[in-house]
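Q: Pasting a structure below so you can have a look.
The values are calculated or read from the model by the stated rules, or taken from the named source; none is laboratory data. Nothing here was measured: the structure is a model prediction, and the numbers come from that model. Neighbour counts are summed over all protein chains in view; Cβ atoms, including those assigned to glycine, are modelled from backbone coordinates with ideal geometry.
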Amino acid sequence: MTILVTGGAGYIGSHTVLYLKEKGLDVVVLDSLQKGHREAVLNAPLYTGQLKDEAVLDEIFQKHAIEAVVHFAADSLVGESVQDPLKYYENNVGGTLNLLEKMVHYGVLRIVFSSTAAVYGEPESIPIQETDQTAPTNPYGETKLAIEKMLKWSDQAYGLKSVCLRYFNAAGADPQAKIGEDHQPESHLIPIVLQAALGQRDKIAIFGDDYPTEDGSCVRDYIHVMDLAQAHYLALKKLAATNESGIYNLGSGKGFSVQEVIDTCRKVTGREIKADVSPRRPGDPAVLIASSHRAEEKLGWKPEYTELDEIVAHAWQWHKQSPNGYKN
Ligand code: UFG
């Protein structure tokens, strides 16, 4: 079967393309390359274009026997979404609307959607379950939740079956370091800490040390990007086998504080990494940890890289080898 991966040149998208190819699937990628990297797409045809570009969608659906879509393409910076919410509604919600219309038009009725823990907002309890209330605290999370709802109603109306995967904190890189994480500018914790290990930054700012956590810094659930990729593969298989829509959290079930992440990076890299405390970053919940039992039970998901050391080691391998990301 041929799978269309939108946003397949981005961080999680490109690792998923790699994984699907390794499983023997045919993959076609659509990416605007505004944030994604051509070099990250290994062994798959790449169409450059946006979801609002009807011509490129028509071309793909007419040329390839697309059986299902894995949909990553989106803007995904929480802070930017607060500054410019309409950009997020236009690209994320508007773009997905076009994609779904084309899917229905061409009779492609299966989609795996890249959702986020940001749909929960400030959690009611830890670990977070899929049945917990969704109350996003930023437009990014709102747009992802709006798309989940579009998918729910499209299932009912058109029989468009969907699996929504709510990721917690994606981290790490391909264990062989063929591809990795490269955002410009970088805002995610682990790559920022590794940039400091490489001497590209003087120090790390720990955003807040007065949260109600053991050491006062925020706690997050870091999950290896290849384990996320595995979940997309299993979701495609599940859709093909059962035609059952569903929503699944993807996390490790373990939380690490910012301070613990920095300490792990020091241990793995063997380098001095300076850190000091800065004010809280607006909108950061104190603790986000997933319950992923549903994905384990219903999708048969079994994360392979469960130790933070290992996740950081894979990220470090990529950063050392490609200190300037794909620009090397
Ligand atoms: N942090 C620092 N210093 C930095 C960067 C980050 O202390 O220089 C802290 C943040 O405050 C946060 C933690 O490190 O407590 C992790 O921050 P990231 O920016 O790496 O990740 P987030 O948890 O903020 O965001 C991630 C995804 C979002 C998604 C969100 C869901 O990147 O897309 O999880 O909650 F919306």
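Q: Could you check, for the range 274-282, whether at least one of its residues is of a type in the set (Lys, Arg), touching a Lys or Arg at 6+ places or on another chain (Cβ under 9 Å) and at pLDDT 95 or above?
A: yes
Q: Let me ask another. State which residue is farthest from residue 14 (Cα to Cα) when the search covers only the range 178-216 and only residues that are of a type in the set (Val, Ile, Thr), within 13 Å of the ligand (Cβ to nearest atom) and in contact (Cβ under 8 Å) with a residue 40 or more places away in the chain.
A: So the residue we want is 213.
Q: Going by the structure shown, is residue 264 closer than 30 Å to residue 216 by Cβ, part of a helix (DSSP H, G or I) and among the hydroxyl-bearing types (Ser, Thr, Tyr)?
A: Yes: the conditions hold for residue 264.
Q: Out of the residues in the range 285-303 meeting the condition of being surrounded by fewer than 16 Cβ atoms within 10 Å (Cβ to Cβ) and assigned to a loop (DSSP other than H, G, I, E, B), tell me which one is farthest from the ligand (Cβ to nearest atom).
A: Taking the candidates together, the pick is 300.
Q: Go through the range 217-242 and give me each residue that's within 10 Å of the ligand (Cβ to nearest atom) and small (Gly, Ala, Ser).
A: Once the filter is applied, which keeps residues that are within 10 Å of the ligand (Cβ to nearest atom) and small (Gly, Ala, Ser), the range 217-242 yields only 217.
Q: For the range 304-322, give me each residue that is part of a helix (DSSP H, G or I) and of a type in the set (Phe, Trp, Tyr).
A: Listed by number, the residues that qualify are 316, 318.
Q: May I ask you to verify whether residue 124 is at pLDDT below 95, surrounded by fewer than 21 Cβ atoms within 10 Å (Cβ to Cβ) and under 28 Å from residue 297 (Cβ atoms)? Break it down into steps so the answer makes sense when it comes.
A: Values: at pLDDT below 95: yes; surrounded by fewer than 21 Cβ atoms within 10 Å (Cβ to Cβ): yes; under 28 Å from residue 297 (Cβ atoms): yes.
Yes.
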